[in-house]
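Each remark here refers to the structure printed beneath this line.
The values are calculated or read from the model by the stated rules, or taken from the named source; none is laboratory data. As the structure is a prediction and not an experimental result, all values here were calculated from the model. All Cβ positions, glycine included, derive from the backbone under ideal geometry; neighbour counts span all protein chains shown.
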């Protein structure tokens, strides 16, 4: 998982499309017959190319610059369609290098969440991952948190590291912002208690 782009249904521009005349690394249009992308210089037919501005190259997950806007969009969608939204914040300590920890954590997280969920890198020191869980109530968010925490801690066992998880369930009756949700997830991670945001629909 860590060596390829995480696939998820949020738009064709995020999926690999070998037949499309766009650069697989930056998404820019390619002139007919181009060997190298004129925008980023990556070889046009490189099968391992990844979007440069949205993917964390260490983990293959979405980076901080992209996962925050995705969270903002999912919050707006949940409010509009009156759906619950779950968010997990996973943080590790006692690990070796942050990059190795992130790589290990990312593989465990990506192998645990659903196809419709969005995992991403939130921070490197300490290593932090975010998972956005559409249409998930507090019970579902807690269930996902238990599964993710178990998988990540099992993966970190050989490094001597340990992970903790914060979880937030956002109810759709009130619009909330991404920054406030991440702060709430951080509080949950420190306290060990789930946080609720928004109001019942």
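Data overview
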quantity	calculated
Flag for residue 148 being over 21 Å from residue 183 (Cβ atoms) and either crowded, with 17+ Cβ neighbours inside 10 Å or touching a residue at least 60 places away in the same chain (Cβ under 8 Å) (or both)	no
Of residues in the range 178-195 being farther than 23 Å from residue 93 by Cβ and surrounded by 13 or more Cβ atoms within 10 Å (Cβ to Cβ), the one nearest to the chain's Cα centre (by Cα)	178
Every pair of residues 6+ apart whose Cβ atoms lie under 7 Å, when the first sits in the range 73-84 and is over 12 Å from residue 198 (Cα atoms) while the second is buried (at least 19 other Cβ atoms within 10 Å of the Cβ)	74/85; 74/132
Enumeration of residues in the range 160-179 that are touching a helix residue (DSSP H, G or I) at 6+ places or on another chain (Cβ under 7 Å) and either outside any loop (DSSP other than H, G, I, E, B) or not assigned by TED's automatic domain parsing to the domain that holds residue 105 (or both)	162, 163, 164, 165, 166, 167, 168, 169, 170, 178
Residue within the range 154-175 that is free of Cβ contacts under 8 Å to residues at least 40 places away in the same chain and either in contact with a strand residue (DSSP E or B) (Cβ under 7 Å, 6 or more places away or on another chain) or at positive phi (or both) present	no
Condition met for residue 125 (surrounded by fewer than 20 Cβ atoms within 10 Å (Cβ to Cβ) and in the same structural domain as residue 99 (by TED's automatic domain parsing))	yes
Of all residues making up the range 55-97, the number that are part of a strand (DSSP E or B) and surrounded by 14 or more Cβ atoms within 10 Å (Cβ to Cβ)	10
From 151, 131, residue being assigned by TED's automatic domain parsing to the domain that holds residue 182, closer than 30 Å to residue 23 by Cα and not in a loop (DSSP other than H, G, I, E, B)	131
